[in-house]
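The values are calculated or read from the model by the stated rules, or taken from the named source; none is laboratory data. The structure presented is a predicted model; accordingly, all values stated were derived computationally and were not measured. Cβ sites come from the backbone with ideal geometry, for glycine too, and all protein chains shown count toward neighbours.
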Amino acid sequence: MICGSNTLSRRDGHRISILTAFRPVGRWARVLGYRRPFAFWRTLTWTLEPLPITPTLLEPDSGSVVDQLRIAFAPGLPHPPGIPIRDASARIGRFVAILQATRRLPHPPMLLRDGPWFEVLDGNHRLAALFVALANGVPVESLRETWVATVRPS
C-alpha cells in the first residue's frame, strides 16, 4: 500500500522509502544501477522515437563499447578483450541474422539523450549488430524504433 509519494507500507506496518526498497536485479541492475542513483530515473521522460542511429550519435563511452563489440565480432572472438560478456559475438551474430531477415532490430535499444549524443543504456549488442550489418551492405530500415530517455526540465 502506498503511504505517501516516497514511502511504502510493509505488511508488518513499517514504512520504508521507495528509494531504499527498490533494488533492481539481473539485467535491470546493470541498466538502472549504472552510475546513477535511483532518484535520477524519476526525472526522465521516455518516448519511443524513430531515430537514424549511427555511430556518430553515440556519446564517446557508449560508442567505444559498441565499437569494441563490433571489432571482436569480425574475427570471431567470443568477446572483446576487457569486456568479458559471455557469448557476445554469438549474440551479435544472431542479431545480424535477424537484421538480414527482417531489416530491423528485434527490440528497440534504450538510449539516454545527453546533449547532442545518446548514451546506450541497453542494446549495445543490437547496435553493434546494426553497425556490422550496415558496414556489410545489409539493407535495413533507415529509422530505428528507439526508447529515448530525456531529463525533464526543472
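Side notes on the structure shown:
- For the range 36-79, a residue qualifies if it is polar (S, T, N, Q), crowded, with 17+ Cβ neighbours inside 10 Å and closer than 12 Å to residue 120 by Cα, and exactly one does: 62.
- Of all residues in the range 63-91, those being assigned to a helix (DSSP H, G or I) and more than 16 Å from the chain's Cα centre (by Cα) number 5.
- Cβ pairs under 8 Å, 6+ apart, first in the range 42-68 and within 13 Å of residue 117 (Cα to Cα), second among the acidic types (Asp, Glu) and surrounded by 11 or more Cβ atoms within 10 Å (Cβ to Cβ): 55/67; 58/119; 59/114; 59/119; 61/119; 62/119
- Conditions (1) surrounded by 12 or more Cβ atoms within 10 Å (Cβ to Cβ); (2) at pLDDT below 80; (3) small (Gly, Ala, Ser); number of the one not met by residue 13: (1)
- Check on residue 113, within 15 Å of the chain's Cα centre (by Cα) and either closer than 27 Å to residue 45 by Cβ or modelled with pLDDT of 90 or more (or both): yes
- Every residue from the range 80-138 that is surrounded by fewer than 16 Cβ atoms within 10 Å (Cβ to Cβ) and hydroxyl-bearing (Ser, Thr, Tyr): 102
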